[in-house]
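Right, one structure below, let's go through it.
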Amino acid sequence: MLMVRQNNFTNFIFDRGKKNRHRYYKIYPIFSHKIVAMSIIEPSKQNITKPQTTKKYTSALRLWHWGNFIIISGSLLTVAINSYILKGQTALKIVNDQLTKSGLNASNDQVRSVVVGLRDRVWDFHVYFGYCLASFLLFRIILEFFQPGDQKFFRHLTVLFRRYRVKENPADNTRHDLVVKSLYALFYVLLLIMACTGLSLAFYQDDPSLKSLMHTVKDVHNFCMYPILIFICVHLAGVFLAERQRSKGIVSDMINGGG
Ligand code: HEM
Ligand code: HEM
């Protein structure tokens with residue numbers, strides 16, 4: 001069936017076919033609203049054999065993604081400030097120099113208490129970001145139950161895993177998609193560990209009876225930051241490559257939902 005556009009209001013449909021061994025040709029006019037209806041049902045962008053190539057993200061998932069991005073960046077910033085600016089001798093020297101410039105002479109202990117006060121203030125912000133991060137994680141878990149069927153993370157992961165095991169079509173992207181999704185799954189696990197250990201530190205860090213346990217919790221919390229940093233680098237590199245190669249528009253899809 002061929003559609004010939006004539007003007008804004010009328011169009012012609014040129015229909016060719018075979019009925020009872022006779023070829024037929026039909027030309028009939030239709031109005032533009034009928035064409036609009038046809039284009040809605042026409043699966044133009046959808047790749048039927050690989051439906052997973054049509055990316056769509058719900059507004060809630062996008063809200064989670066970009067909110068999470070801002071919160072994690074803020075959280076990492078607080079860690080960076082305390083680890084590089086307000087750390088040890090560097091911070092003591094900055095404060096001491098400033099006091100001397102202002103004509104004040106402070107003892108080492110006094111300078112140290114100023115630095116500790118500043119560090120505690122930055123940790124306060126880290127904990128606020130932490131509460132937001134934990135709430136966002138809870139939101140992401142609840143969201144999973146309300147996502148449309150084909151966009152449920154764990155359903156998608158299981159389907160990919162099954163498809164990979166039976167090797168339905170070795171030439172398709174199953175292996176690649178499975179690796180990407182598994183990385184996301186690993187990240188979610190790390191985020192869960194971070195939230196649980198962080199919340200324990202926020203509530204029980206100063207409890208003397210839990211001192212040695214809190215020490216271990218802090219070590220775990222500290223350690224998990226590194227795989228998270230690695231995930232972020234790999235993720236950004238992956239998104240950059242996808243945008244340049246076979247998934248052009250993937251970043252704007254994560255902004256406007258795609259389609
Ligand atoms: C702190 C930084 C970031 C973290 C932790 C992060 C985390 C994630 C996670 C967990 C997903 C999977 C969501 C799901 O399907 O459940 C995802 C998807 C995605 N992210 Fe990020 N993201 C970060 C930064 C960014 C940035 C800066 C961009 C864009 C430049 C970006 C672009 C995307 C895109 C396009 C997807 C969809 C990819 C796909 O469908 O496989 N992300 N991100
Ligand atoms: C990506 C997320 C996070 C990263 C990278 C991160 C990283 C860190 C690091 C490196 C420390 C320093 C540990 C030390 O002093 O040895 C720390 C401390 C802490 N974090 Fe997190 N954290 C994150 C999420 C959270 C969350 C969700 C919470 C929950 C509220 C939280 C609460 C805390 C608390 C209470 C401390 C101890 C601060 C202090 O010493 O007073 N963090 N975090």
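FYI, it's all coordinate maths here, none of it is from the lab. Just so you know, these numbers come straight off a predicted model, no measurement behind them. Here the Cβ positions follow ideal geometry from the backbone for every residue, glycine too, while neighbour counts run over all protein chains shown.
Points to keep in mind about this one:
- Each peptide in 74-80, 193-199 gets a packing score, the mean of other Cβ atoms within 10 Å over its residues, and the list from highest to lowest is 193-199, 74-80.
- In this structure, residue 239 and residue 215 have a Cβ-Cβ separation that, at R0 = 45 Å, corresponds to a calculated FRET efficiency of about 0.75.
- In a DSSP loop and with at most 10 other Cβ atoms within 10 Å, the trypsin sites (Lys or Arg not before Pro) in segment 119-191 are 167.
- Residue 97-residue 73 pseudo-label distance in nm [points 7 Å out on the Cα-to-Cβ vector]: 2.9 nm
- Take the Cα of residue 152, step 7 Å toward its Cβ, do the same at residue 252, and the gap between the two points is 3.2 nm.
- Compactness relative to 2.2 N^0.38 Å, alpha carbon Rg of segment 145-259: 1.40
- Computed from phi, the 3J(HN,Hα) profile of segment 205-214 under the Karplus parametrisation 6.51, -1.76, 1.60 (θ = phi - 60°) reads 4, 8, 6, x, 6, 10, 4, 6, 5, 5 Hz, with x in place of Gly and Pro.
- Only the Cβ atoms of Lys and Arg (+1) and of Asp and Glu (-1) were treated as charged; on that basis the dipole of segment 55-256 about its Cα centre amounts to roughly 700 debye.
- Where only alpha carbons of segment 55-256 are counted, the Rg and the Dmax (Å): 21.9, 77
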